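S.K.: This structure is in structure tokens; I'll ask about it shortly.
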Amino acid sequence: MFHLKYPRRRGFFTWDELRCLARSLGFQSHVFEKYVGMREQLDTTKAVSSETILSWIEYNYFHKAFHQTFNHHTADWNECVLKNSIKMLYYHIASFEELLNMRIAYQVHEAGDMKGMILDNDTLLRAIKMCGRTIAPLKLQHRLKHMQDAFEEKGRIQLYEFLDLLLWCELYDAIIVDGQDLEGGKEDVDFYKLVDFEDLLTPFDVKLANQLNDKYLAEEWDFGKEIIVDRKLSRMDAPVKTESRKEQVKRQKDHYQHLKSQVSESQKSVYNAKAGYVRPRPISAPDLTMYEKPDPSMIVASRDVRPQSVYAHFDQLLKNRSAKESAGSY
């Protein structure tokens, strides 16, 4: 159906390759040329980069062509599918024909209300098998557990989310099931070979699922194994290198001192802006004895006739002035 498998240059699409991409997603082959030509001048002799195509999507070049056309989905939905398809072609995860099979497999199992495929393990496994891929049922449940929180519709999976799920799958034809070919018939002497009927009557898909589950659990439980060559060496204490630790502590201490001074200066600036004055060192306990009334019995009369304070000096001057005025009046 497609004369091309992948884009010739990674990250670039010729207009012929864009026609193949449009056909694989179900659109008319000339949809890119038509709607891009309405906005800017085309040069069909040059390839287009993936970044340019993504910019066309951001500027809604294809909103009219993608919005509820052949699949009755919105333009945003189809644009998300287009973005994931470009990524899969960039990394050669899927070819143009495989993208077509993935889209058809999804549409076959999509619910009639067009809200997405229902999250059912058997339904998903059948759809994945139609794409030429397979996955362990336990791995599928584990991936859905971590992915479904980010799904657009609760309990459903959209096509662009289904493409992300296919990244965790393996090629169906590349897996060889153990015990697939059971040998029967007679031996050299006239005795028939014994065949395990459980293996004989078990369907191929069940054998494949069991083998993939065993492989998945073995990979998940593989925590590695410590191998000790010399037992005498294992009894010795491991050397502890403290130089790097001391250097790290010294570096962090210097950084902390610089940061502490900067924070202190910043705090003083804030206080100055708010109050206008910052004491260099706060007084924790003021001297309250200065506010106590003196005991008259403890006061000793001073022999100094000069005023002992500013106010007493002013009182003395007023008394002298009044005494002179009274003397002049006589």
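S.K.: Out of Asp43, Asp113, report the one residue that is more than 30 Å from the chain's Cα centre (by Cα), among the acidic types (Asp, Glu) and within 23 Å of Gly155 (Cα to Cα). Give the derivation first.
M.R.: Numbers: Asp43 fails: within 23 Å of Gly155 (Cα to Cα).
After applying the criteria, what remains is Asp113.
S.K.: Sticking with this one: I need a count of the residues in segment 10-22 that are assigned to a helix (DSSP H, G or I) and within 33 Å of the chain's Cα centre (by Cα). Reasoning before the result, please.
M.R.: Looking only at segment 10-22, we keep the residues that are assigned to a helix (DSSP H, G or I), and these are 15-22.
Remaining after also requiring within 33 Å of the chain's Cα centre (by Cα): 17-18, 20-22.
Count: 5.
S.K.: Still on this structure, I have one more. I'm told Val189 meets every condition in (1) assigned to a loop (DSSP other than H, G, I, E, B); (2) more than 25 Å from Glu219 (Cα to Cα); (3) at pLDDT 90 or above except one. Can you identify the failing condition by its number?
M.R.: Failing condition for Val189: (3).
S.K.: Do any residues in segment 180-208 that are within 23 Å of Arg126 (Cα to Cα) have Cβ atoms under 7 Å from those of residues that are modelled with pLDDT of 60 or more and of a type outside the set (A, V, I, L, M), where the two are at least six apart or on different chains, and which pairs are they?
M.R.: Asp199/Gly179; Leu208/Thr134
S.K.: Anything in segment 33-52 that is loosely packed, with under 14 Cβ neighbours inside 10 Å, closer than 15 Å to Lys83 by Cα and of a type in the set (Val, Ile, Thr)? List them, or say none.
M.R.: Of everything in segment 33-52, just one residue is loosely packed, with under 14 Cβ neighbours inside 10 Å, closer than 15 Å to Lys83 by Cα and of a type in the set (Val, Ile, Thr), namely Thr52.
S.K.: While we're here: Quick check on my filter: what residues within segment 50-94 are in contact with a helix residue (DSSP H, G or I) (Cβ under 6 Å, 6 or more places away or on another chain) and polar (S, T, N, Q)?
M.R.: Of everything in segment 50-94, those that are in contact with a helix residue (DSSP H, G or I) (Cβ under 6 Å, 6 or more places away or on another chain) and polar (S, T, N, Q) turn out to be Ser50, Asn78, Asn84, Ser85.
S.K.: Further question: Taking the stated definitions as given, is Phe32 within 26 Å of Glu110 (Cβ to Cβ) and part of a helix (DSSP H, G or I)? Please lay out each step first, then the result.
M.R.: Details: within 26 Å of Glu110 (Cβ to Cβ): yes; part of a helix (DSSP H, G or I): yes.
So Phe32 fits the description; yes.
S.K.: Tally up the residues in segment 1-32 that are farther than 15 Å from Ile53 by Cα, surrounded by fewer than 19 Cβ atoms within 10 Å (Cβ to Cβ) and of a type in the set (Phe, Trp, Tyr), please.
M.R.: Going through segment 1-32 one residue at a time, the tally reaches 2.
S.K.: When you go through Ala150, Ala136 one by one, which is the residue that is exposed (fewer than 15 other Cβ atoms within 10 Å of the Cβ) and in contact with an Asp or Glu (Cβ under 9 Å, 6 or more places away or on another chain)?
M.R.: On the way: Ala136 fails: exposed (fewer than 15 other Cβ atoms within 10 Å of the Cβ).
Criteria check complete, one pass: Ala150.
S.K.: Quick one: is Gln211 within 29 Å of Met102 (Cβ to Cβ), out of contact with any strand residue (DSSP E or B) (no Cβ under 7 Å at 6 or more places or on another chain), surrounded by 10 or more Cβ atoms within 10 Å (Cβ to Cβ) and modelled with pLDDT under 70? Quick ask: steps written out before the conclusion?
M.R.: Numbers: within 29 Å of Met102 (Cβ to Cβ): yes; out of contact with any strand residue (DSSP E or B) (no Cβ under 7 Å at 6 or more places or on another chain): yes; surrounded by 10 or more Cβ atoms within 10 Å (Cβ to Cβ): yes; modelled with pLDDT under 70: no.
Criteria not met by Gln211.
S.K.: Give the number of residues within segment 1-32 that are among the polar types (S, T, N, Q) and under 12 Å from Leu89 (Cβ atoms). Step through it out loud before you land on a result.
M.R.: Within segment 1-32, the first condition is being among the polar types (S, T, N, Q), and the residues that meet it are 14, 24, 28-29.
Then drop every residue that is not under 12 Å from Leu89 (Cβ atoms), which leaves 24.
So the count comes out to 1.
S.K.: If you take the residues of segment 214-237 that are more than 21 Å from Leu140 (Cα to Cα) and open to solvent by less than 80 Å² (accessible area, probe 1.4 Å), which of them is modelled with the highest pLDDT? Talk me through it step by step, then tell me what you get.
M.R.: Initial filter on segment 214-237 (more than 21 Å from Leu140 (Cα to Cα)): 223-237.
Filter once more, keeping what is open to solvent by less than 80 Å² (accessible area, probe 1.4 Å): 224, 230, 234.
On the way: Gly224: 77, Asp230: 62, Ser234: 56.
My answer is Gly224.
The values are calculated or read from the model by the stated rules, or taken from the named source; none is laboratory data. The structure displayed is predicted, hence computed values, not measured ones. Glycine gets a Cβ as well: all are built from the backbone with ideal geometry, and neighbour counts include every protein chain shown. We work out accessible area using only protein heavy atoms, side chains counted, and drop any ligands, DNA or RNA first. Shrake-Rupley method; radii C 1.70, N 1.55, O 1.52, S 1.80 Å.
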